[in-house]
Amino acid sequence: MFGKLVGETVGTGIAQPIKEVGNILDKLFTSDDERNKAEIAKLEIEKTLLMGQIQTNQQEAVHRSIFVAGWRPAIGWTCAIGLFYDVLLRPIAVGFGYPFPSLDTASLISLIVALLGLGTLRTTEKFGNKTK
């Protein structure tokens, strides 16, 4: 369970060593009290990783450079333009007899869903008066 949670959160490159350490800890400790202590240690590691990612996101959000702070909006606008093309512009053009190619909207939608998830955190920051 822990390995899957960390893998989804920080990626398998970092999660695999943590999972292995967790498996070793599970094999070493046999009592319920020891297993609980090991589980708390695993959760502390996960918390540390998540806090590091949050701090990175906060630093990116306040950075003055458009290449650091602007990458999420750039991806968002790219996805919005792609969906506008594929959902509105292309069907109208095809209706008038112009054969416009279709886009792979599955990848656009997955990016948008990810950005909206991150955007929720940004909205929370704005409502909490933690932005400029």
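If only one of 14, 66, 40 is modelled with pLDDT of 70 or more and at negative phi, which one is it? Full working, then the answer.
On the way: 14 fails: modelled with pLDDT of 70 or more; 66 fails: modelled with pLDDT of 70 or more.
Answer to the check: 40.
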Can you find a residue that is aliphatic (A, V, I, L, M), part of a loop (DSSP other than H, G, I, E, B), modelled with pLDDT of 80 or more and not assigned by TED's automatic domain parsing to the domain that holds residue 16 anywhere in segment 87-108? yes
Could you please tell me which pairs satisfy a Cβ distance under 9 Å, a separation of 6+ or placement on different chains, a first residue in segment 30-44 that is in the same structural domain as residue 19 (by TED's automatic domain parsing) and surrounded by 11 or more Cβ atoms within 10 Å (Cβ to Cβ), and a second residue that is modelled with pLDDT of 80 or more and outside any helix (DSSP H, G or I)? none
Quick test for you: out of 131, 124, 120, 78, pick the one residue that is modelled with pLDDT of 70 or more and polar (S, T, N, Q). 78
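The values are calculated or read from the model by the stated rules, or taken from the named source; none is laboratory data. The shown structure was predicted, so the numbers you read here are calculated from the model rather than taken from an experiment. Quick reminder, even Gly has a Cβ in these numbers, built from the backbone with ideal geometry, and neighbours come from all protein chains shown.
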